[in-house]
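Step one of this worksheet: look at the structure below.
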Amino acid sequence: MKHRTSAGVAALAVSVALALTGCASDDGASTTPSPSASSAVASDAPTPTAEDVAALEGVEVTGDAGAEPELTFEPPLEVSVPTTRVVAEGDGDDLVEGNQVTMEFVAYQGDGTRLGSSWENGTPETFLLGDVQYDLLTAPLAGQKVGARILLATPSQDAEGKPATVVNLVEITDTKEIPSRAEGEAVEPAAGLPTVTLADDGTPSVEIPDGYEAPKKLITQTLIKGDGEKVTEDQTVIAHYTGWTLDGKVFDSSWERGAPTSFSLQQVIAGWTQGIAGQTVGSQVLLVIPSDLAYGEQGTPDGSIPPNSPLVFVVDVLGAQ
């Protein structure tokens, strides 16, 4: 399963968060712990046309920073490719790729219908600047500061599957540096588990013992105990991770992509939700996941994970919100 998310518009939690997302590299090598995905717009998306730019220039944003603004425009607003416009530059801390960023947002349908907002729901979005899942925001936020307001119009689909455009106003409210790897107290693992070795930069490798049998239940082994807050299953985590099939073959690795990524624990395989919830930020965790808590009888569409495959993950939990 590719590291991709869709641009949905059915409900706020889906429409806003996913309308902002991009997709992974085109080589098709990356696979995430997400249970479902579909295509979106890649980082090398076509340049907006003059008509796209003019459409976004016609959006009027009213309201003070720190509160939900109102977007006014002449419907229908349509763009052919993702198009952005800086509404206001911030005066806070610099936004640095690789740092954690928090944003508030409001979304409108291209017909003028307000879809909802994080201000209304009290749920700001936190992500890693440069994360491929938020690819559409990487370039617009380059060189910006906390307080920046960005308009983003994205081709999408309405609730009936018809072509539509979603317009988001994003306001950056916070940023902070996160560690590049797990930091804390080493924990002696139980005997008989896959052996984890770390390179100098923290990249994990794993050795599966000869004759190792797939577990019937999830195995969660803390390898490094971090001193951060305890993660809950309703949070989004920022993590560095590598995943292996039980024959020792790597099927996905954020380390290989060169940057951590973020996942909602409500939108990943059950083995991740159960194994990461309860861990503390800064921890490194070994997960040995039976197939029924991973991809089950289906495996992944690209074949990188065959049906009925137990999986092994080493996860560095770098942040959570």
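Using a Förster distance of 35 Å, how high is the FRET efficiency between residue 217 and residue 256, based on the Cβ-Cβ distance and rounded to 0.05? About 0.75, to the nearest 0.05.
The ranking of 213, 60 from fewest to most other beta carbons within 10 Å of each one's beta carbon is 213, 60. Here the Karplus relation 6.51 cos²θ - 1.76 cosθ + 1.60, evaluated at θ = phi - 60°, turns the backbone of segment 47-64 into coupling constants of 5, x, 7, 4, 5, 4, 4, 5, 4, 6, 5, x, 7, 9, 10, 10, x, 6 Hz, with x for every Gly and Pro.
Only one of the values (i) 29, 46, 22, 3; (ii) 32, 54, 14, 0; (iii) 33, 58, 9 was calculated from this structure for P(r) over Cα pairs in 20 Å bins from 0, in percent; name its label. Among (i) 29, 46, 22, 3; (ii) 32, 54, 14, 0; (iii) 33, 58, 9, the one calculated here is (ii). Can you pull out the GluC sites (Glu not before Pro) in segment 106-197 that DSSP calls coil and that have at most 15 other Cβ atoms within 10 Å? Of the GluC sites (Glu not before Pro), the ones in loops of segment 106-197 whose Cβ has at most 15 other Cβ atoms within 10 Å are 160, 177.
By the beta-carbon count within 10 Å of each Cβ, the least crowded to most crowded order of 71, 318, fewest first, is 71, 318. Per residue of the chain, the DSSP helices (runs of n ≥ 4 H) give a summed -39500 (n - 2.57) that works out to -3000 deg cm²/dmol at 222 nm. Per-residue Karplus couplings for segment 221-231, computed as 6.51 cos²θ - 1.76 cosθ + 1.60 with θ equal to phi - 60°, are listed in order as 10, 6, 9, 10, 9, x, 9, x, 5, 6, 7 Hz, Gly and Pro entered as x. Positive-end ranking of 243, 264, 63 along the dipole of the chain, with charges on Cβ about the Cα centre, is headed by 243.
Could you pull out which residues in segment 164-193 have an amide N less than 19 Å from a spot 7 Å beyond the Cα of residue 91, following the Cα-Cβ vector? Inside the label zone: 171-175.
Which Cα, out of 315, 279, 296, lies furthest along the positive dipole direction of segment 185-320 (beta carbon charges, K/R +1, D/E -1)? Going by the charge dipole, the pick is 296. Working from Cα pairs under 8 Å separated by at least six residues, relative contact order for the chain is 17 percent.
Distance from the alpha carbon centroid of segment 217-278 to that of segment 102-150 works out to 24 angstrom. Along the axis of the charge dipole computed for segment 103-189 (Cβ charges of +1 for Lys and Arg, -1 for Asp and Glu, origin at the Cα centre), the listed residues 167, 121, 186 are led at the positive end by 167.
Bear in mind that the values in this text are calculations on the coordinates, not laboratory data. These numbers come from a predicted model, not from an experiment. Note: ideal-geometry Cβ built from the backbone for every residue, glycine included; neighbour counts use all protein chains shown.
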